[in-house]
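Every read-out reported here was derived from the displayed coordinates using simple, explicitly stated rules and does not represent laboratory data. In this text the structure is predicted, and so the values were computed from the model without any measurement. Positions of Cβ are generated from backbone atoms using ideal geometry, with glycine treated the same way; all protein chains shown enter the neighbour counts.
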Amino acid sequence: MRPIFQITALAACLLSGTAFANGSSVRNEPISPIQPIQITEPAKVELGKQLFFDPRLSMSGVISCNTCHNLSLGGTDNLKTSVGHRWRSGPVNSPTVFNSSLSIAQFWDGRAADLQEQAAGPIKADVEMAMPHTLAVGVIQSIPGYRSQFAAIYNDEQVSLNRITDAIARFEETLVTPNSRFDQWLLGDDTAISAQELAGYQLFKSHGCVACHNGPALGGTSFQKMGIIEPYNSSSPAQGRIAVTGKDADRFSFKVPTLRNVELTYPYFHDGEAETLAEAVAIMGKLQLGRNYSDQEIEDIVAFLNTLTGDRPAIELPLLPASVDGTHRPEPFK
Ligand code: HEC
Ligand code: HEC
């Protein structure tokens, strides 16, 4: 018995002693802290930031990635479902771009493998920026201040969709939100969260929310059915993961959303139907775990979720390079 116990204890010790960037060790929990980002390609990140904020990538000339993933807010638009070109509204709620690099795939149904693949979608999507890719590339290519940056980063002036989405993705990877109060607690500071917030976390853990909402992002690690114990009735036509796999078992299966900064990313669920965090928690308890939460339990869990708001990156508004006479002009009503 004794040697086995020692080995187990050692393993647990190694686990809980996972080294963190700043040298401190982390509590042994199913959730790990967000690591601060080390920027290795600053010029590319800067280019990606400009493109993320550039409305000239849209047919209307007024919609940028930041319109629906507002970095001054929680990386979302806070609308039930997003509104894009010609006020068309899409079928689903805009997920946050903060910490999205930590997910196994992108979109609610995971149809894009990574951030670079994802970024090509919204540029041409009818309900988003409605800009054919060739036109988007042409616009960027026409702008000397962009061409010189592409030349410096990629060794030649050629602008391509691949390079545009590569730069955007590298910028998005910097959008992590470390140092939340919960992360401070994970890193050993007992005073970082209150007794109520800790009680909320204990419910979250012992009731099994962590079975799906785990890892550094408290989500993004798996696809799960919405409505396990009881079915979920949605007004949205979105069917989830079945759109990718074609398997009936994947109907209403969605990428588990991150709960980082969740106090900022209302309304909730893929259809934006839950207006408040309390409502979302009550529905999760009921549909996913078969629990009817008391007001006190909901308050405690919401208090815990509010400790997940981290330091959003301080972003200086980028100054975008000037168009020239030949740059394709916006067509807002096309
Ligand atoms: C009109 C609003 C709108 C615009 C503009 C827009 N997005 Fe989105 N974005 C959405 C919506 C809605 C989704 C979810 C779509 C889905 O899952 O089917 C999404 C999903 C994403 C995701 C996946 C996040 C996740 O957790 O799965 C990323 C990353 C993203 N967008 C980045 C971008 C970038 C980069 C741009 C600019 C090139 C952009 N978006 C432009 C609304 C928008
Ligand atoms: C079986 C997996 C599973 C369990 C268990 C689970 N969730 Fe979820 N959670 C999901 C999925 C999947 C979604 C997205 C559902 C959708 O959008 O339709 C989600 C969405 C959420 C959201 C909304 C986030 C957003 O940005 O839209 C919150 C808040 C949430 N869960 C909290 C909890 C809490 C609290 C518990 C425990 C009481 C819990 N979840 C248990 C899978 C799970």
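Separation of the alpha carbons by more than 31 angstrom is noted, of Lys80/Lys225; Lys49/Lys205; Lys225/Lys334, for Lys49/Lys205; Lys225/Lys334. For helix 277-289, report the angle its Cα long axis makes with the longest principal axis of the Cα atoms of the chain; keep it between 0 and 90° and round to the nearest 10°. Approximately 60 degrees, to the nearest ten. A full extension of the chain between Leu79 and Ala152 corresponds to an added length of 22.4 nm, given 0.36 nm per residue minus the alpha carbon distance. Full extension of the chain segment joining Ser235 with Asn162 gains 22.7 nm, where the gain is 0.36 nm per residue of separation less the Cα-Cα distance. Among Pro178, Pro237, Pro30, the residue with the largest mean-square fluctuation in a Gaussian network model of the chain, with springs joining Cα atoms closer than 10 Å, is Pro237.
P(r) for the stretch 134-245, from all Cα pairs and a bin width of 5 Å, is 2, 8, 11, 12, 10, 9, 11, 12, 9, 7, 6, 1 %, short bins first.
Between Asp189 and Thr327, the FRET efficiency estimated from the beta carbon spacing at R0 = 30 angstrom works out to 0.05. Take the Cβ atoms of Asn28 and Ser72, set R0 to 56 Å, and the FRET efficiency comes out at 0.95.
Note on the chain: semi-axes of the ellipsoid equivalent to its C-alpha gyration tensor, largest first and rounded to whole Å, are 38, 25, 17. Using just its DSSP H runs of length 4 or more, each adding -39500 (n - 2.57), the chain gives a mean residue ellipticity at 222 nm of -10500 deg cm²/dmol after division by all residues. Within the same chain, aspartates and glutamates fewer than 8 places from Lys247 are excluded, and of the rest, those with a Cα less than 15 Å from its Cα are Asp109. If you run the Gaussian network model on the chain, springs between alpha carbon atoms under 10 Å, then out of Thr307, Thr265, Thr40 the most flexible one is Thr40.
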